[in-house]
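Written below as C-alpha cells is the structure these notes are about.
The values are calculated or read from the model by the stated rules, or taken from the named source; none is laboratory data. Model, not experiment: these values are computed from the prediction. Note that we place each Cβ from the backbone using ideal geometry, even for glycine, and neighbour counts take in every protein chain shown.
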Amino acid sequence: MSGLGPIALIFPGQGCQHVGMGADLAAAFPEARAAFAEADEALGEPLSQLMFHGPEDALARTANSQPAILAHSVALWLALKNRLRVQPVAAAGHSLGEYSALVAAGALGYAEALRLVRLRAQLMEAAAPGTGMLAILGLELEAVQQLCEHAARDGELAAVANYNCPGQVVVGGHIAALERLCALASAAGARKVLRLPISVASHTPLLAPAAAALAERLASLPLGEARFPVVGNALRRPLRASAEIREELVAQLVRPVDWPACVAGLAGLGAGEFWELGPKPVLSGLCRRIPSCPPARAITAAQELEELLRMFS
C-alpha cells in the first residue's frame with residue numbers, strides 16, 4: 001500500500017437508493033454478502049432482495065430506503081477496511097448517513113443501527129402529515145431563510161432543512177407554506193425550485209414528536225465510544241462519547257443539516273481526501289461546489305472499490 005494520506009469517510013442519506021443496489025457487491029465480496037444477510041436477519045425480512053430486485057416503489061418507501069442505504073454503505077465499508085486497512089481520521093454522514101458513519105466508527109452496532117433506522121423512518125412518517133420538502137437552486141442560505149419567514153403563516157411552517165452547498169438549499173414544511181415559498185423563490189430569482197418526492201418535513205421543528213420518541217429508544221440503547229470522531233449534522237462538532245452521540249441523533253431530526261459546516265469540521269480534523277461510500281455519488285458532487293473542500297472520491301459499486309484497492313495495493 002502506498003500514497004494513502006489522511007482519509008475521512010462520508011456517507012449519503014435518503015434519496016440515493018436504486019433497484020440493483022448492492023447486487024454486484026454481494027457477488028464480489030463475501031463481507032458484503034454477510035452484511036446483507038445480517039440486514040435481512042435484523043429486520044426479519046428479505047431487505048437485500050428488495051435492494052437487488054425491487055420493485056422500485058417499495059424500495060423508495062422511507063421505511064425501506066433508509067435501512068437499504070445503511071446496509072449498502074456498511075457493506076462497502078466492511079469490504080474496503082478488510083483489504084486496505086485504512087484508518088480514517090474522521091467521518092460524517094448526511095442525515096441518515098450519520099448512522100452509517102457511527103457504525104463505521106464502532107459507536108453503534110450494525111444490527112441495532114438497522115432496527116433504529118427503521119424505527120426512525122416510521123416515526124418520521126407519522127410525525128407530521130401534510131408536509132413535504134422542496135429544493136431551491138440559485139439562492140443563498142440567508143435569502144432562503146428570509147423567504148421561509150414570509151411563507152410561514154396561520155400556523156403553517158416552512159424552514160430550512162438542508163444547506164447542501166452554496167446555491168442549494170432544501171426546505172421542509174407544510175404543503176401550503178411550501179407552495180407559497182415556491183412562488184416567492186421564483187420571484188426572487190431562483191434558478192430552479194423542485195418539489196421533492198418526500199412526504200416528511202425532515203430536519204425541521206415539525207418532527208419534534210419523532211425526536212421525542214427516538215430519544216426514548218436511544219436512552220436504553222447501548223452505544224460505545226467512536227474509534228474516530230464523527231462530525232455531527234446538528235451539533236456541528238466532532239463527536240465521540242456516547243452521551244453526545246445520543247444528543248446528536250435526536251437533535252438532527254429537528255435541526256437543519258449544514259453540510260458545508262460538516263466538511264469544514266472534517267478538514268479541520270486533518271482530512272486530506274474524502275471517500276464517499278453509498279449507492280450513488282451524491283456528497284462528492286456537493287463537495288466539489290464547496291470552497292476549500294478537500295478532493296472527494298465516490299465509491300458506489302464493486303468496480304469502483306476494486307479500482308481503489310488496485311490503486312493502493
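Given the stretch 99-206, what strands (runs of 3 or more DSSP E) lie entirely inside it while holding 3 or more residues that are over 17 Å from SER65 (Cβ atoms) and of a type outside the set (D, E, K, R)?
Working: elements: 131-137, 158-165, 168-174, 192-195.
Answer list for the stretch 99-206: 131-137, 158-165, 168-174.
Tell me, please, whether a residue that is more than 22 Å from GLU41 (Cβ to Cβ), among the basic types (Lys, Arg) and in a loop (DSSP other than H, G, I, E, B) can be found in the stretch 82-96. It would help to see each step written out before you state the result.
Taking the stretch 82-96 first, the residues more than 22 Å from GLU41 (Cβ to Cβ) are 83-95.
Now drop any that are not among the basic types (Lys, Arg), which leaves 83, 85.
In the following step, the residues that additionally are in a loop (DSSP other than H, G, I, E, B) were identified as 85.
For the stretch 82-96, residues more than 22 Å from GLU41 (Cβ to Cβ), among the basic types (Lys, Arg) and in a loop (DSSP other than H, G, I, E, B): present.
Evaluate the stretch 165-174: report whether one residue or more is outside the structural domain of ILE290 (by TED's automatic domain parsing) and over 25 Å from CYS287 (Cβ atoms). Working first, answer last.
Taking the stretch 165-174 first, the residues outside the structural domain of ILE290 (by TED's automatic domain parsing) are 165-174.
Those still in the list that are over 25 Å from CYS287 (Cβ atoms) too: 173-174.
Yes, the stretch 165-174 contains a residue that is outside the structural domain of ILE290 (by TED's automatic domain parsing) and over 25 Å from CYS287 (Cβ atoms).
Might you check whether a residue that is small (Gly, Ala, Ser) and without any contact (Cβ under 8 Å) to a residue 40 or more places away in the chain occurs anywhere in the stretch 61-72? Before the answer, list the steps.
Applying the first criterion (small (Gly, Ala, Ser)) to the stretch 61-72 yields 63, 65, 68, 71.
Pick out the ones that are also without any contact (Cβ under 8 Å) to a residue 40 or more places away in the chain and you get none.
No; the residues of the stretch 61-72 include none that is small (Gly, Ala, Ser) and without any contact (Cβ under 8 Å) to a residue 40 or more places away in the chain.
Out of the stretch 254-294, which residues are hydrophobic (A, V, I, L, M, F, W, C), touching a strand residue (DSSP E or B) at 6+ places or on another chain (Cβ under 6 Å) and either within 15 Å of GLY13 (Cα to Cα) or not in a helix (DSSP H, G or I) (or both)?
As a first pass, look at the stretch 254-294 and keep what is hydrophobic (A, V, I, L, M, F, W, C): 254, 257, 259, 261-264, 266-267, 269, 271, 274-275, 277, 282-283, 286-287, 290, 293.
After this cut, where a residue has to be touching a strand residue (DSSP E or B) at 6+ places or on another chain (Cβ under 6 Å) as well, the list is 257, 259, 262, 266, 269, 271, 274-275, 277, 283, 286-287, 290.
If the condition is that a residue be hydrophobic (A, V, I, L, M, F, W, C), touching a strand residue (DSSP E or B) at 6+ places or on another chain (Cβ under 6 Å) and either within 15 Å of GLY13 (Cα to Cα) or not in a helix (DSSP H, G or I) (or both), then VAL257, TRP259, CYS262, LEU269, ALA271, PHE274, TRP275, LEU277, LEU283, LEU286, CYS287, ILE290 are the ones that fit.
Which of the residues belonging to the stretch 172-209 are free of Cβ contacts under 8 Å to residues at least 24 places away in the same chain and among the polar types (S, T, N, Q)?
First, the residues of the stretch 172-209 that are free of Cβ contacts under 8 Å to residues at least 24 places away in the same chain: 176, 179, 183, 186-187.
Matches in the stretch 172-209: SER186 only.
Please find, within the stretch 57-110, the residue that is surrounded by the most Cβ atoms within 10 Å (Cβ to Cβ) out of those that are under 21 Å from LEU286 (Cβ atoms) and of a type in the set (Val, Ile, Thr).
Filtering the stretch 57-110 for residues that are under 21 Å from LEU286 (Cβ atoms) and of a type in the set (Val, Ile, Thr), the one surrounded by the most Cβ atoms within 10 Å (Cβ to Cβ) comes out as ILE69.
Let me confirm something: among ARG61, ARG85, which residue is under 30 Å from PRO6 (Cβ atoms) and either outside the structural domain of ALA121 (by TED's automatic domain parsing) or modelled with pLDDT under 95 (or both)?
Values: ARG61 fails: under 30 Å from PRO6 (Cβ atoms).
Being under 30 Å from PRO6 (Cβ atoms) and either outside the structural domain of ALA121 (by TED's automatic domain parsing) or modelled with pLDDT under 95 (or both) holds for just one of ARG61, ARG85, which is ARG85.
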